[in-house]
C-alpha cells in the first residue's frame, strides 16, 4: 500500500436492508478521491429459475428477498400473465393484487421511515449512536416507534389475507389470483384504516417539516441532478401497480414516454463493472455516462403528472412547489416523497376495501399462450423488472431481473462520493462523519440482499488504487 | 390490553425456511401443536421473526419460539429466555432473534411475555426441499411429546420440573 494513500472501510453499513460495504479512497492530501458502495452478497437467482415450470415462478422468486417478496411475487405473476395470454385480468383479480401491493408499499415505507430513517431525522446526524437508533426513538418518541410496528403489522396482515401468508404467499397466479377477500377478512382492516390514515398524515408532516427546515443543508447533501424513471398510468397519474414507462431528465424534459414495458430492453441497457456484483442500468439513448437514472419514491413523484387520491395529490403539489414544478433532485427528499406515497397507499387501501369486487369469485382468465413476457411493478424501492422466456414444455429458459436497488446503483455511488468528499477528510474519522455516508445511502432505502444476481460475474474484489489509477493492492473476498 | 393471568394465553411461533429441509423443523413443530388444539394455545409459522411480531407477543403471557438447531444437543434443547436489558436488535428489520424481539417488545410496549426457545436438532440443511430428514422427524416427535404437557399446564412447571431425559436440556439464555 502506498504510504500516502489511506483506505477507509465502513462495514457493514447499518440500518439498510441487506449487507453493504463502502470503500473510501483518500489521496495524499487526505482528501477523498473516490468512494464506492460495494455489494457483498451474491444470489444467482436468475440461474436458479431456469428449468423451473413457469407457474412456480411467482412463488419461487419470493425467496429472493424476505423484505419485499410481494413485489417479486406480483412482478413475476404479471410476467406470467403474459405467458398465459391473460392481457386483462378480471376486476376481482386486479383489485386483490392491487390491495396486496398497496399493503406492501404501506408496510415497507412505514417500517423504513419509523425504524430505519427516523433516528437520523429526529436526532441528527451527529447524535450519539447509542441514541440514534430505534431504541432511541422508542424512548424519546414512543408513539412513533409503536406506530411504525402497528402500521407494519396492518400491511402485513392485509398481505396475509390476500396472498395466504405474510411472507412468501401464493395469492397471485398466472392469469389472476387464487382467493378473494371475504367480508369477515375485510372488516378488521376497515375498522383500522382511518387510524392508519391519521398516522400517515403525521408521518408525512414530520418528513415534510424536516426537509423544509433543513433545506439548506439537505440540498447540498448527496444531491445530484439526475434522470428519473417510473411507470405512470396512461393519463399521467402515479400508478404503482401498472402503467407505461416514462423517463424524464433533470429539468423535467421527457426522454421517453408511453413505453410499453414489454419492450423495455429497447430503452434500458445494463452495464457491468468489475468491482460490483450489481449491474449499472442506463437509458440506452443517452449512454452509460449520462443515461443513469433514479427510481423509487423521489423518481415517481417527479415523473407523474398527478396522484389519483386527494390527500396525496395535495401533498404532491406542496412537494412540487418546493422546486417550482421542476423535478426535485434532493436526495434526502426521498423521505418526504416516501411519506406521500405512504399516504397514497393508505388512501388506495381504504378505497379498495370498500370495493365489492374484492368479494368476487371470477378470479382467473387466460388467452393465447406466449413464449416470452415481461412484468413490471413499482416496488417500494422503485421499478422492478421481471423478464422471462418459457419453452413449449412450460420450462423457463431465460430470466432477467432488474431490481430497484440496481437501478439506483450509479446515483447511490455518486451520492456516497459527494458526501464523502464534503464530510470526510484528514485523519479524524468520527461516527458522525461516517454516519453521513450511511444516511445518504439510507435515503434510497436500498435492499442490497436482492440486488445481486448476475451469476458469472467476478467474485468480490477490493482494489486499492492511487489517485492516478495505479493498482497497488488487491484483496479477494472468500 | 394484556390479559389477566387466569386467561393464560400461549403462542407457539415456529420459524425457519420450510424449503430448506430440516430448517423447517420450527414450522413443523408449530403445525403439529396446532393440530392438537390445546386450550389457550395457538401456533403460528414464519420464515423469520420480524419487528411487527412485537405487537402480537406484547399481548401474551407466554411465547414458545421453535427453531431448528444445526449443532445443538439431541433431540432438542429448551431454554428459558431472558429479556435483554440492551443489545443489538439485529442487522435487519426482517430477521430478528427471539431475544431481540423480546427486547424490542419491552421497549415499545413496556413489558414482554415470558418466553422459551425450543431448538430441535436438525441434520440436513444444505439442499432444497420441504421434507424433514428421518433423524429430524424423530427429534420433532420427541419435542412434541415433551412440550405438549408443558403447554397444557401453561408452562407453570417448566422451570421447576426439567425433563426426565438428560438430553432435552433446560437452561436460561438471554
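For the reader, a short list of remarks on this structure follows.
- Condition met for residue A:61 (within 13 Å of chain B (Cβ to nearest Cβ), in contact with a strand residue (DSSP E or B) (Cβ under 8 Å, 6 or more places away or on another chain) and not in a loop (DSSP other than H, G, I, E, B)): yes
- Residues located in segment B:91-128, provided they are more than 11 Å from every other protein chain (Cβ to nearest Cβ) and at pLDDT below 80: B:96, B:127
- Selection of segment A:106-144 for residues being part of a helix (DSSP H, G or I), modelled with pLDDT under 80 and more than 10 Å from chain B (Cβ to nearest Cβ) yields an empty set.
- Of the residues screened, residue B:24 is one that is farther than 19 Å from residue B:154 by Cβ, within 14 Å of chain A (Cβ to nearest Cβ), touching a strand residue (DSSP E or B) at 6+ places or on another chain (Cβ under 8 Å) and modelled with pLDDT of 90 or more.
- Within segment A:163-180, not a single residue is more than 14 Å from every other protein chain (Cβ to nearest Cβ), in a helix (DSSP H, G or I) and more than 20 Å from the chain's Cα centre (by Cα).
- Residue count for segment A:84-93, restricted to those that are in a helix (DSSP H, G or I) and surrounded by fewer than 24 Cβ atoms within 10 Å (Cβ to Cβ): 2.
- Test result for residue A:364, over 18 Å from residue A:382 (Cβ atoms) and touching a strand residue (DSSP E or B) at 6+ places or on another chain (Cβ under 6 Å): yes
- Check on residue A:183, more than 23 Å from the chain's Cα centre (by Cα) and in contact (Cβ under 8 Å) with a residue 24 or more places away in the chain: yes
- Given (1) surrounded by fewer than 23 Cβ atoms within 10 Å (Cβ to Cβ); (2) within 13 Å of chain A (Cβ to nearest Cβ); (3) modelled with pLDDT under 90, index of the condition residue B:39 fails: (2)
- Candidates A:340, A:377, filtered to the one that is within 23 Å of residue A:173 (Cα to Cα), touching a helix residue (DSSP H, G or I) at 6+ places or on another chain (Cβ under 9 Å) and at pLDDT 95 or above: A:377
- Residue A:118, sole failed condition from (1) farther than 22 Å from residue A:68 by Cβ; (2) surrounded by 23 or more Cβ atoms within 10 Å (Cβ to Cβ): (1)
- Residue selected from segment A:264-289 under the condition in contact (Cβ under 8 Å) with a residue 60 or more places away in the chain and in a helix (DSSP H, G or I), by the criterion surrounded by the fewest Cβ atoms within 10 Å (Cβ to Cβ): A:265
- Among the residues of segment A:199-214, not a single one is over 24 Å from residue A:112 (Cβ atoms), over 20 Å from the mean Cα position of the chain (by Cα), at pLDDT 95 or above and assigned to a helix (DSSP H, G or I).
- Among the conditions (1) free of Cβ contacts under 8 Å to residues at least 24 places away in the same chain; (2) under 21 Å from residue A:342 (Cβ atoms), residue A:148 misses just one, which is (1).
- Some residue of segment B:52-66 being in contact (Cβ under 8 Å) with a residue 60 or more places away in the chain and within 14 Å of chain A (Cβ to nearest Cβ): no
- Candidates in segment B:142-152 are the residues that are out of contact with any strand residue (DSSP E or B) (no Cβ under 7 Å at 6 or more places or on another chain) and surrounded by 13 or more Cβ atoms within 10 Å (Cβ to Cβ); of these, the one that is nearest to residue B:19 (Cα to Cα) is B:144.
- The conditions of being under 26 Å from residue A:366 (Cβ atoms) and either modelled with pLDDT of 65 or more or within 12 Å of chain B (Cβ to nearest Cβ) (or both) are not met by residue A:33.
- The test for being more than 19 Å from residue A:241 (Cβ to Cβ), in a helix (DSSP H, G or I) and at pLDDT 95 or above holds for residue A:185.
- Hey, residue A:153 within 14 Å of another protein chain (Cβ to nearest Cβ), closer than 21 Å to residue B:57 by Cβ, crowded, with 16+ Cβ neighbours inside 10 Å and in contact with a strand residue (DSSP E or B) (Cβ under 9 Å, 6 or more places away or on another chain) or not: no
- Only one of the listed residues (A:227, A:191) is out of contact with any helix residue (DSSP H, G or I) (no Cβ under 7 Å at 6 or more places or on another chain), away from every other protein chain (no Cβ under 14 Å), at pLDDT 90 or above and under 23 Å from residue A:304 (Cβ atoms). That residue is A:227.
The values are calculated or read from the model by the stated rules, or taken from the named source; none is laboratory data. Keep in mind it's a predicted model, so treat the numbers as computed, not measured. Please note: Cβ atoms are built from the backbone with ideal geometry, for glycine as well, and neighbour counts cover all protein chains shown.
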